[in-house]
Amino acid sequence: MAQISLSTVNKIKLSLDVITGISTLVLLSPPLTGIPVHEWLGLAVCVPLLFHLLINWLWICTTTRCFFRKLPWQTRINYILNALFFMLMTAEGFTGLMISKEILPLFGLSASRNYFYRALHSMLADSLLVVFGLHLGMNWKWVAAVIRKHVFAPFIGNRSTSKNTASPSMPSVKAE
């Protein structure tokens, strides 16, 4: 099986993170796009999110196994933020479908007129923004290092870009 370099993995992770991050920020303002685009973008953001989960699956499994053992506190907080982000995104998607005016009718279903789902959808969006900010803050060193190495370095030369850009808060794992 062919090995993918850490550099390539980091480029993919950064791309997925940027796509998911920008999409999430755009989704937080439905008037910016209108409801039809908001709903379809909300559905489409699942694709990079699933790829993000798959590419980080080893970290997820390893951290889950080691969570109650000796781990750096940053790893535990990052894990909790990631789990919370995933749960919020899942709940946000579910409530979004429940109040959908565009997607559900395509399947002959009608949206719930229950105000509860609309209020919950809004509250989840606010919570997502907070968790997204915390997640970005926890991983900022990695984000900055990867951007410096893969975005700016090609334009300004390869000066001091040899910093470690391994995934943040990654417990030691022996590749098998």
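Pairs of Lys residues in the chain, spaced 8 or more positions apart or belonging to different chains, with C-alpha separations under 28 angstrom: 18 in total.
Measuring nothing but protein heavy atoms, the accessible surface of the stretch 1-103 at 1.4 Å probe radius is 76 percent carbon and sulfur.
Classify the stretch 102-147 as rounded, prolate or oblate from the Cα gyration tensor: take a ≥ b ≥ c as the square roots of its eigenvalues, call it rounded if a/c is under 1.5, otherwise prolate when a/b beats b/c and oblate if not. Since a/c reaches 1.5 but b/c is at least a/b, the shape of the stretch 102-147 is classed as oblate.
The residues of the chain expose, per residue, 66 Å² of accessible area to a 1.4 Å probe.
Counting charges near Ser29 (Lys, Arg +1; Asp, Glu -1) among other residues having Cβ under 15 Å from its Cβ returns a value of -3. For the stretch 55-137, the calculated P(r) over all alpha carbon pairs, in 10 Å bins from 0 to the bin holding the longest distance, is 17, 35, 25, 18, 6, 0 percent. Placing unit charges on the Cβ atoms of the charged side chains and taking the dipole of the chain about its Cα centre, the candidate lying farthest along the positive direction among Leu124, Ser112, Leu6 is Leu6.
Taking a ≥ b ≥ c as the square roots of the eigenvalues of the Cα gyration tensor, the stretch 52-101 is prolate, since a/c reaches 1.5 or more and a/b is larger than b/c. Across all directions, the shadow cast by the convex hull of the stretch 1-76 built on its C-alpha atoms averages 7.1 square nanometres. Label 7 Å along Cα→Cβ of Ala153; the stretch 1-42 residues with amide nitrogen under 19 Å? Taking a point 7 Å out along Cα→Cβ of Ala153, the residues of the stretch 1-42 whose backbone N falls under 19 Å are 4-18. Summing charges over neighbours of Leu6, with a neighbour being any other residue whose Cβ is under 12 Å away from its Cβ, gives +3 when K and R count +1 and D and E count -1. How large is log10 I(q)/I(0) at q = 0.12, 0.15 Å⁻¹ when the Debye formula is applied to the Cα atoms of the chain, each weighted equally and without solvent? With one equal scatterer per Cα and no solvent, log10 I(q)/I(0) is -0.66, -0.94. Taken about its Cα centre, the chain carries a charge dipole of about 740 debye when Lys and Arg each add +1 at the Cβ and Asp and Glu each add -1 at the Cβ.
The values are calculated or read from the model by the stated rules, or taken from the named source; none is laboratory data. Everything quoted here is computed from the prediction, not taken from an experiment. When we count neighbours, we look across all protein chains shown, and the Cβ atoms used for this are built from the backbone with ideal geometry, even at glycine. Accessible surface areas use protein heavy atoms only, side chains included; no ligands, DNA or RNA. Shrake-Rupley method; radii C 1.70, N 1.55, O 1.52, S 1.80 Å.
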